[in-house]
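Read through the structure below, which is laid out as structure tokens, and then see the notes.
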Amino acid sequence: MKIYSALKFSLSGLFRIIYNLSIHGAENVPEKGKYIVVSNHISLGDVIILAVSCKRQIHFMAKKELFKIPLLSQLIKALGAFPVDRKGSVLSALKTSVKHLEEEKIVGMFPQGTRCKAKSVSETEFKTGAAFCSYRAKAGIIPAFIKTQDQKFGYFKRCDVFFGEPIEFDSLSFSNGGHDEYELVTEKIKDTIFEMEKKAYGGKFNG
């Protein structure tokens, strides 16, 4: 934990400068409790961007390819990321996510599955892993949105991270779980992030 805190402190200051990072809605992240941060995915650096933006440690489910990039691999491991094989079985990663949640931690997921070049969240498909883990661990959802210029990170180009109000588990309307319910909850999460996207590009973010 000391290594994580020191690394986050160092990266936070660095990223605020070189990526002109601004954080909105940080107060929407509860200080305690099990939650899944669900965000859009636009770059290899999203794990680090969200990690330094959130006041609590996020344990990320990240695609295994990221762990093959030497420097990035070391950074995301130190920040709490664990690999998922998008082309194989994701069950192990989902079980790890549920375990973290049951320990009252925060887990981070990118339901688009890979970096998305679409102009809008609404044009992309969301996978149901976050809904599955939410149901299994009885965890709430914290929607997040990353905004950059032209969907790309660049030195001294503005990057904004938005955290929306938590969607508590009881308001997700789960009954018995199952694919149909996971699909419905996933659509609810997607719609929420899309509304955040519209606010981000249309005017002042209201949290």
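Values computed for the structure shown
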item: Sequence ranges 71-78, 140-147, 190-197, 4-11, ranked by mean other-Cβ count within 10 angstrom, highest first; result: 140-147, 190-197, 71-78, 4-11
item: Segment 124-199: C-alpha gyration tensor shape, a/c 1.5 cut-off, then a/b vs b/c; result: prolate
item: Kirkwood hydrodynamic radius of the chain, from inverse mean 1/r over distinct Cα pairs, in Å; result: 17.0 Å
item: Lysine pair number, Cα distance threshold 28 Å (strictly under), segment 13-91, separation 8 or more or different chains; result: 19
item: Per residue solvent-accessible surface (Å²) - segment 1-101, probe of 1.4 Å; result: 48 Å²
item: Stokes-Einstein D in µm²/s, Kirkwood radius over Cα pairs - segment 1-111 at 37 °C with 0.692 mPa s viscosity; result: 228 µm²/s
item: Whichever aspartates and glutamates have a C-alpha closer than 13 Å to that of residue 138, once near sequence neighbours (fewer than 8 apart) are set aside; result: 102, 103, 104, 168, 170
item: Rounded percent of accessible protein surface that carbon and sulfur make up, segment 1-106, 1.4 Å probe; result: 60 percent
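The values are calculated or read from the model by the stated rules, or taken from the named source; none is laboratory data. Because the structure is predicted, anything quoted here is derived from the model rather than measured. With ideal geometry, Cβ positions are generated from the backbone for all residues, glycine too; neighbour counts draw on all protein chains shown. With ligands, DNA and RNA removed, areas are computed over all heavy atoms of the protein, side chains included. Shrake-Rupley method; radii C 1.70, N 1.55, O 1.52, S 1.80 Å.
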